[in-house]
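Everything on this sheet refers to the single structure shown next.
The values are calculated or read from the model by the stated rules, or taken from the named source; none is laboratory data. Quantities reported herein were computed from a predicted structural model and do not represent experimental measurements. In this analysis, Cβ positions are derived from the backbone assuming ideal geometry, glycine residues included, and neighbour counts consider all displayed protein chains.
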């Protein structure tokens, strides 16, 4: 079951859960202690997460939830850390110890031989609470905006609102689950671009972004390739082609996957992007372009955040 994006709903009949920055997983246990973990696209990922083996102790359950890696500094889920574990089957013990994962369960789909899909969320949640599973995603009633602000304060991804009378609809993007991710807006300097492909051939594929750090060094913040209309792309392309230069404007090296296709420009244009969070190496995650900020000068764009 998938959530529909939207603003946090209010009123009676809604509860609110935190949105975890991890990967979705369905955990199925047998009455003999077997365990199977499947991904959102129904791939068996059990061998990738041996540290979730203790879940086999909860017999004859099918749980829906999120696999997360917690940042040891903040306690918040870190997608950057989790990437070190993703797509690695039978990871070595050293990696498992360095990047442990946890499973936060938020729904109970089957118990013993009984399907709970046609039961309302309130019934499924009560059974989940009584199941003995340790790591449960907390659920809150009351004011959804307060829960959203709590998520923001704790560095979480956002909030999912759920109807207490909602059934579980496998494979559907339902409006009985409403997700509200938290994004942050920042200014960034355009330091180059890559050419588009396919429908965007002959124009911009992505913008390369930067900002000045506390030492007045222009640092690389990643790239943005979404949020543009065709008109905006044409305007940016016309502007940037007049600013092209042969050398990178960044103070340090840029990762090869970006540098090898880059058309460097003088760092004169300032724009605004919205993004979800920041990786440990100061890359904007899931940025989307909002527009140019012609009233802002490049020297004013300062990066004081850390991943």
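Worth a mention:
- Any chance residue 267 is touching a residue at least 24 places away in the same chain (Cβ under 8 Å), under 18 Å from residue 251 (Cα atoms) and assigned by TED's automatic domain parsing to the domain that holds residue 194: yes
Table: residues versus (1) outside the structural domain of residue 165 (by TED's automatic domain parsing); (2) in contact (Cβ under 8 Å) with a residue 12 or more places away in the chain; (3) surrounded by 18 or more Cβ atoms within 10 Å (Cβ to Cβ).
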| site | (1), (2), (3) |
| --- | --- |
| 54 | no, no, no |
| 60 | no, yes, no |
| 66 | no, yes, yes |
| 81 | no, yes, yes |
| 93 | no, no, no |
| 120 | no, yes, no |
| 135 | no, yes, no |
| 140 | no, yes, no |
| 143 | no, yes, no |
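- Test for residue 153: is it over 30 Å from residue 228 (Cβ atoms), buried (at least 21 other Cβ atoms within 10 Å of the Cβ) and without any contact (Cβ under 8 Å) to a residue 60 or more places away in the chain: no
- Lone unmet requirement of (1) within 30 Å of residue 256 (Cα to Cα); (2) buried (at least 16 other Cβ atoms within 10 Å of the Cβ); (3) modelled with pLDDT of 95 or more for residue 187: (3)
- Of all residues in region 120-158, those satisfying the criterion of being in a loop (DSSP other than H, G, I, E, B) and closer than 21 Å to residue 168 by Cβ are 120, 130, 131, 132, 133, 135, 137, 138, 141.
- Among the residues making up region 30-48, those that are surrounded by 14 or more Cβ atoms within 10 Å (Cβ to Cβ) and in contact with a strand residue (DSSP E or B) (Cβ under 6 Å, 6 or more places away or on another chain) are 35, 36, 37, 38, 45, 46.
- Residue list for region 221-251, restricted to those being in a loop (DSSP other than H, G, I, E, B) and loosely packed, with under 12 Cβ neighbours inside 10 Å: 226, 229, 242, 246, 247
- Residue pairs whose Cβ atoms lie under 9 Å apart, sitting 6 or more positions apart in sequence or on different chains, and linking a residue in region 194-214 that is without any contact (Cβ under 8 Å) to a residue 40 or more places away in the chain and assigned by TED's automatic domain parsing to the domain that holds residue 249 to a partner that is loosely packed, with under 14 Cβ neighbours inside 10 Å and part of a strand (DSSP E or B), do not occur here.
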